[in-house]
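Shown next, in C-alpha cells, is the structure this report addresses.
Please treat every number below as a calculation from the coordinates, not as lab data. It should be emphasised that the depicted structure is a prediction, and the values quoted were computed from it without experimental measurement. Neighbour counts run over all protein chains shown; Cβ positions are idealised from the backbone, glycine included.
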Amino acid sequence: MTKMTKNQKGQIVAACLAPHPPHLVYAENPPQNEPRAECGWETLRWGYHRLQESLKNLDYDVVVVLSPHWRTYVGTHILAYPHFKGLSVDPIFPHLFRYHYDLKVDVDLARAICDEANAAGEPTKLMTNPDFRVDYGTIISCHMTDPSWSKPIVAISSNAASAYYNVDVMQEKMIELGKATRRAIEKSGKRAVLLASNSLSHRHFTQEASLPEDMSHEHIYNHNQYLWDMKMIELIKQGRNQEILDLMPDFTEQAVSETDGGALTWMLAAMNRPKLPGIVHAYGTVIGTGNAIVEWKVEDSSSSESGAHL
Amino acid sequence: MIANSSSTLNPVLKGFVLPGLPQPLLTPEANAGYKKLRAAFEQVRGEIEALNPDVILIYSTMWPSILGHQVQARPELTWNHVDEEFHDLGSIPYTFQFDASLAHQIVKEGSVRGLMMKATDYNGFPVDTGSVVALKLVNSNLKIPAVILSSNIYSDRAETVVLGKATLQALRAQKKTAVAIIVSSLSNRLHSEFIKPSEDKIHSLKDQEWNAKILEFLEKGRLEDVAQLSRQIHKEARVKKVGNFKPFWWLSSLMGPHNRYTGEIKAYEAIYGVGAAVVGLTPALTAARDLEFDEDSPEHYSGERNVLASMSSMGPGMSSQTLSAGEELGDSGNE
C-alpha cells in the first residue's frame, strides 16, 4: 500500500455498488440511528461487512457517491460545504431511519468535478447552503461502507433525465458525468472510492409486516425482477461491464430498476468499463427490491474493454 | 353564490390549487410572475382567514409515499427547510401545528375502507417543499392546524377516490370544517438547464396549451371534469415521475364529484418552466356543465386485482374489474 504524492495522478481505486435500503442501517443498530431492531436482512449486512473489511485494506482519500434520493431536475448538483451535521429522517420509512449524521465534504474535489462537468456541457452546480439536509441514500451507502465515516465525501445528485427523456438520454448524460468525475479525480492527485447508491430491481411491496424485521415476509416482488437481477449479476461477475450498459435501458424499464437514477451508469463510465469482474459480496431483497453489494477493485485493473468509446 | 355556507352538505368550505415551488416565497421580486403568484397566495390567505375553518387539509404531490398513504400527525414540527433543487434561494425556517386528532381519524377511516394508512409522527420529519411553501404563505399568523396527506406513487384512481372519501368521513366524524388544498403544478416540466428568473417561461407550447385547457375548466367550476381528465393530463402534460396524476381525484371526491363550483383563477405563471396556478373553487348551486361520467365511484379499496395472474392461482371471489360487479343482474338480469 503506497500513498500517492500530490504530483502523482489521482485514480479511482475501487468502485462499489452500494444500495441504500434504510432497513440495513436499522438492523445494524448503530448509535446514530434512533430506532432499534432485533435483527434482519443479515445476508446483505454481512455482505456489507465483507466490503468494509476489503476497503480497510485500501489506501484512499475520499468517497464519491451518487444517490438517487437527491433527485434534481435542473442539472446535476454536488455538495460543496465542508461540514454537515443534522438529522436525516427517511420520508418513506421514518419508523426505521432517523439518523444523526456528522460528515465532512471534500469541497476541492466537489468543485473540480463541477468544473469538469460544466466544461463537458453538463449543467452542474454546487450546493453551498449549510442548512441543507443530506439525503438518506448518500448517508446509508456511506455508513454501510464505512460506519466510522473516516473519509470525506463528495455527494452528487441524481439528474432526472430518465423521467424527463428516457434511459438512453440518462446514460449519455451519466457517461459524460462519469468521465468528468474521472478527470477531476485524476487531476486532484487523490485516490477515490466510488459508490453507486442504488438497488437493482426496485418494485416495492406497498404493505409492510407489523414487525419490519420479520424475515418470514421478505422475498423478491416477482420472478421477473429476480431473473433480471440474476442476469445483471452474471454480467458483473464475468466482468462484462459494457454489456451492462448496453442492457441498462431494458433492465431499467422491465425490472423497474433504481438504475434509472444513473448511479451505476455514472460509476461504470468513471471507471472506464474495465474488463474486470465485480466481487459480489451479497444479494438479497428488502421489501421486495433486489439489492447487490458489489466491489470492483479498479486499482488492480489495467485493461479497458472499450474505453476508446468513452 | 356560495351553496355550502351552513356546512350541512359538505364540511369543505372551499378548495384551492396551489403550486409548490419556493420562488413565490423566497424570491417574489425576482420575476413579475413570481410576484403575481405571491399576491395570489396572499389573497388565498385572506379568504382562509375569513372562512376561519377548523383545519387546512393538504394533499401534496411533492410528498411521495410507497407504504400506502401517510398522514402528518405530529402536533408540531419545527425545522429549517432547504429545497433540494433550489437550495441557493435560501433556507425556510418554520414551525407548523397539525391536527393530530383529525390525522388519526383519517387513518382510521381509510383503513376501514381498505387503504394502507400510516400516521406519521416523528421529530424532524422532512415536510415537503410544496407543503412548506403553502403553509408559510396561506397560514402565516393564522395558526390554523393543518393535516398533510402524502401522494402514493403507485396508487391510481380508485385508491385516491377512496382516500378522498375517507378524508371527508373523518371531517364529518369530528364535525370539523376545512379548506382543502392540493399542492400541485399543472404541467410539471422544469427547464433542464439553469436559467435566470427573467428568462422564465412555460417549458413548451404543448404544456401551455394543456394548462390553458385545465384552467378553462377550473374557471368554470368543472372540478369533476378535470378529475375525469386526469389520466389524459398525465399523458400529455406531466413528466412520468409517478403512476398517475392524482390530486384532482382526491379533491373532487372530498369536495363532491361534480361541477357545481365557482372557479377563480387568481394567478397563472411559469416557475422555472412548470405551470404554476393559484385557483380557488367555491361550492355553488348550479353547474357550468353536467356530463355523465363513465367511471365508478368506489367506496372501498379492494387492493390490486392481480389481473395478470394465471387462472389457477386465482382464489374464489369477485374477479371483475368493476366494484359494482353483479349489480346489473339485480337490476334486470333476472327479469
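Nearest-5 percent of antiparallel DSSP beta bridges in chain B?
Values: 20 of 43 bridges.
Here the share of antiparallel DSSP bridges comes out near 45 percent.
For region A:250-260, putting each phi into the Karplus relation 6.51 cos²θ - 1.76 cosθ + 1.60 with θ = phi - 60° gives couplings of 5, 4, 4, 6, 7, 9, 6, 7, 6, 5, 4 Hz, in residue order, rounded to whole numbers and with x for Gly and Pro. Among the listed pairs A:Lys9/A:Lys231; B:Lys196/B:Lys220; B:Lys35/B:Lys136; B:Lys36/B:Lys241; A:Lys85/B:Lys108, a Cα-Cα separation exceeding 26 Å is found for A:Lys9/A:Lys231; B:Lys196/B:Lys220; B:Lys36/B:Lys241; A:Lys85/B:Lys108. Centroid-to-centroid, using Cα positions, region B:131-162 and region A:32-48 are 33 Å apart.
Ordering A:Trp266, B:Trp63, A:Trp228 by the number of other Cβ atoms within 10 Å of each residue's own Cβ, fewest first, gives A:Trp228, B:Trp63, A:Trp266.
Shape of chain A from its Cα gyration tensor (a ≥ b ≥ c, root eigenvalues): rounded if a/c is under 1.5, otherwise prolate when a/b > b/c, or oblate? It comes out rounded by the Cα gyration axes. Other residues whose C-beta falls under 11 angstrom from the C-beta of B:Gln169 contribute a net charge of +2, scoring Lys and Arg +1 and Asp and Glu -1. The simple spin-label model puts a point 7 Å past each Cα toward its Cβ; for A:His217 and A:Glu38 those points are separated by 1.3 nm. Projecting the Cα atoms of A:Ser158, A:Asn198, A:Gly178 onto the charge dipole of chain A, computed from C-beta unit charges around the Cα centre, puts A:Gly178 farthest toward the positive end. Placing +1 on the Cβ of every Lys and Arg and -1 on the Cβ of every Asp and Glu, with no other charges, gives region A:32-177 a dipole of roughly 380 debye about its Cα centre. A helix-only calculation puts the protein assembly as shown at -10000 deg cm²/dmol for mean residue ellipticity at 222 nm, using -39500 (n - 2.57) for each DSSP H run of at least four residues, averaged over all residues.
Out of the DSSP beta bridges found with both residues in the protein assembly as shown, what percent are antiparallel (nearest 5)? Write out the running numbers ahead of the final one.
Working: 39 of 84 bridges.
Here the share of antiparallel DSSP bridges comes out near 45 percent.
Values of log10 I(q)/I(0) for region B:102-158 across q = 0.13, 0.22 Å⁻¹ run -0.44, -1.06, by the Debye formula with one identical scatterer at each alpha carbon and no solvent.
Placing +1 at every Lys and Arg Cβ and -1 at every Asp and Glu Cβ, with all other atoms neutral, what dipole size does chain A have around its Cα centre, in debye to the nearest 20?
Numbers: 29 positive and 37 negative charges, 206 e Å.
With Lys and Arg at +1 and Asp and Glu at -1, about 1000 debye.
Using the average count of surrounding beta-carbon atoms within 10 Å as a protection proxy, the listed peptides B:155-161, B:200-206 rank, highest first, as B:155-161, B:200-206.
For chain B, the residue among B:Ser253, B:Leu102, B:Asn123 whose Cα projects farthest onto the positive side of the dipole built from Cβ charges is B:Asn123.
Positive-end ranking of B:Asn188, B:Leu18, B:Gly273 along the dipole of region B:12-301, with charges on Cβ about the Cα centre, is headed by B:Leu18. For peptide B:177-187, the mean count of partner chain Cβ atoms within 10 Å of a residue's Cβ comes to 0.
Each Lys and Arg adds +1 at its Cβ and each Asp and Glu adds -1 at its Cβ; summed about the Cα centre, region A:138-254 shows a dipole of about 820 debye.
How big is the antiparallel share of DSSP beta bridges in region A:11-301, given as a percent to the nearest 5? Write out the running numbers ahead of the final one.
On the way: 19 of 41 bridges.
Roughly 45 percent of the DSSP beta bridges within region A:11-301 come out antiparallel.
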